[in-house]
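Please read the structure below before turning to the comments.
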Amino acid sequence: MSAAPRIAARLVAVHNLKPPVDVEALLQEYADLQILDWSMECDGLALLSAERREQVFLKANAPARRRRFTAAHELGHVVIPWHVGTLGCTEEPGASAGMEEAEANLFASHLLVPDVFLDPFRDSYVDLDEVLDILAVADVSAQAGIIALRRALLPGYVIHLDALPPIESPGTVVPQGGVRALQESSVRTGRKLHQGKLVTWYQLADASPIVEEPRPSREITNLLKSTLAKLHPDRDVRAMCLSINGIVGGALSAQRVSDPSVIYGVLVQKFTGHPQFGHLLEVSDFHRYLQQKAATIGQSRQGETID
Ligand SMILES: [Zn+2]
């Protein structure tokens, strides 16, 4: 975890923060806070000095959720030790205008929508209509909320919000062909008013029951090799195996999910539309390989081992 999220997580733990976080009250514990009307575009200002207590100014006439995010962002400047000087900030939750601004935004996201709050959505494919209802409690803008939620979602979600570029969960393979392709590839979609904005979401992957059992890794690799040899007798099967194993490992390294049916869903999403190996999903023995992999990895993640 990088520094800004870690510092936010520590504050969440120390103050036992739960959404909706009373961020202006919290900010007052760390800085002198003044909330003023002004006409400048700037949403907030932090005066950070080693000589006296930090000062923060927030724009009073900003929309409430925007002001909450700005307050959390300015708190980030105050508590991240290497942020110094006078910082004028204009809110764009997804923007990364300079490292300090990006760090303060990341801090704000992790403070207002803490990781512990997102944990229930982390290990399975979830219905986003229900998740958005819960997320609304955090009282952040739709954009800030979805950017935060993205941290927890498994691969396979695409979320449209107004005219913004689509927001995808990490590892998502997006089909070519725009909204129509998204609709055709989705296992579930939804459209919902969230914090006053219309959110349209597409879920491209899902947990899928598996019939294969855990196996020793050599046996699984042999299944993959024989599957590939049948399909591509003229190619270097060993190199293909290595690449495929690498893709499987990479797809799961960022996840802690241990349910084999969810792992299988993540793996199918990873190979869907893959330029080199996507065609393998049409072969039932490749699904047997993925299922055996999922069953074995799931078992080892649940604390058991197999030789
Ligand atoms: Zn800033």
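The values are calculated or read from the model by the stated rules, or taken from the named source; none is laboratory data. Bear in mind the structure is a predicted one, so any value in this text is a computation, not a measurement. So basically every Cβ, Gly included, is an ideal-geometry build from the backbone, and we count neighbours across all protein chains shown. Please note that ligands, DNA and RNA were not included when accessible areas were found on the heavy atoms of the full protein model with its side chains. Shrake-Rupley method; radii C 1.70, N 1.55, O 1.52, S 1.80 Å.
Packing-based ranking of 41-47, 139-145 yields 139-145, 41-47, ordered from highest to lowest mean Cβ neighbour count within 10 Å.
Solvent exposure of the chain amounts to 48 Å² per residue of accessible area, where only protein heavy atoms count and the probe is 1.4 Å. Here, the stretch 85-150 has an Rg and a Dmax of 13.3, 44 Å when only alpha carbons are counted. Counting only protein heavy atoms and a probe of 1.4 Å, the accessible surface of the chain is 51% carbon and sulfur. Only protein heavy atoms count here; under a 1.4 Å probe, ILE297 has an accessible surface of about 40 Å². Each Lys and Arg contributes +1 and each Asp and Glu -1, all at the Cβ; summed about the Cα centre of the chain, the dipole is approximately 720 debye. What residue among ALA104, LEU135, PRO214 has its Cα farthest toward the positive end of the dipole of the chain, where the charges are +1 on Lys, Arg and -1 on Asp, Glu, each on the Cβ? It is PRO214, whose Cα lies furthest towards the positive end.
With a Förster radius of 25 Å, plug the Cβ-Cβ distance of LEU242 and GLU213 into 1/(1 + (r/R0)^6) and report the FRET value to the nearest 0.05. According to the calculation, E is roughly 0.55.
Multiplying each eigenvalue of the alpha-carbon gyration tensor of the chain by 5 and taking the square root yields semi-axes of 44, 20, 17 Å, largest first, rounded to whole angstroms. Within the stretch 116-203, the proportion of C-alpha pairs whose separation exceeds 23 Å stands at 14%. Taking the stretch 41-196 on its own, what percent of its Cα-Cα pair distances exceed 26 Å? Result: 33 percent of Cα pairs exceed 26 Å.
Once the convex hull of the alpha carbons of the stretch 188-257 is built, what does its volume come to per residue, in cubic angstrom? Can you show the working numbers first?
Values: hull volume 11.6 nm³, N = 70.
Output value, Cα hull per residue: 166 Å³.
Cα convex hull, the stretch 163-307: 129 Å³ per residue, rounded to a whole number. Where a ≥ b ≥ c are the square roots of the eigenvalues of the C-alpha gyration tensor, would you call the stretch 217-301 rounded, which needs a/c under 1.5, or, failing that, prolate if a/b is larger than b/c, or oblate? Note, shape of the stretch 217-301 comes out prolate. Note on the chain: dipole from Cβ charges, positive end direction compared against PRO120, ALA4, LEU154; the farthest Cα belongs to LEU154.
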